[in-house]
């Protein structure tokens with residue numbers, strides 16, 4: 001399913017109505033027998049109002065991570081987050097950034113902000129887990 005950013009709220013509601021726990025956003029994402037497939041950009045953990053997104057994709061925007069994170073956290077009053085580094089061969093140190101929201105009503109706006117400000121691609125899809 002292709003992701004229409006203006007309908008993220010509807011996607012979240014559909015997942016909740018189907019008692020899904022996660023939304024996976026990326027390229028060619030799908031749930032497989034013991035996990036998921038495709039190139040994952042972000043996870044939304046609905047039961048915890050938690051979002052995790054990664055820098056470990058080819059079209060991640062490298063510049064000014066700190067400034068963009070500060071804008072994200074200031075715009076949406078996020079006061080607690082975690083960054084996990086993944087060490088790969090070579091010069092890159094990819095990161096997963098995870099944080100929880102106090103209010104699930106902010107999930108659609110935050111997800112849209114992340115996808116539009118941290119990645120070049122706007123042609124993503126999603127699946128439920």
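The values are calculated or read from the model by the stated rules, or taken from the named source; none is laboratory data. Please read these numbers as outputs of a predicted model, since none were measured by experiment. Methodologically, a virtual Cβ is constructed for each residue, glycine included, from the backbone with ideal geometry; neighbour enumeration extends over all protein chains shown.
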The listed residue being touching a residue at least 12 places away in the same chain (Cβ under 8 Å) and in a loop (DSSP other than H, G, I, E, B), out of 57, 40, 31: 57
Residue in the stretch 109-118 that is within 24 Å of residue 48 (Cβ to Cβ) and modelled with pLDDT under 90 present: no
Matching residues, the stretch 17-28, being out of contact with any helix residue (DSSP H, G or I) (no Cβ under 6 Å at 6 or more places or on another chain) and under 19 Å from residue 109 (Cα atoms): 22, 24, 25, 26
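Looking at 114, 97 in this structure, which one is part of a strand (DSSP E or B), touching a strand residue (DSSP E or B) at 6+ places or on another chain (Cβ under 8 Å) and surrounded by 14 or more Cβ atoms within 10 Å (Cβ to Cβ)?
On the way: 114 fails: part of a strand (DSSP E or B).
Only one candidate qualifies: 97.
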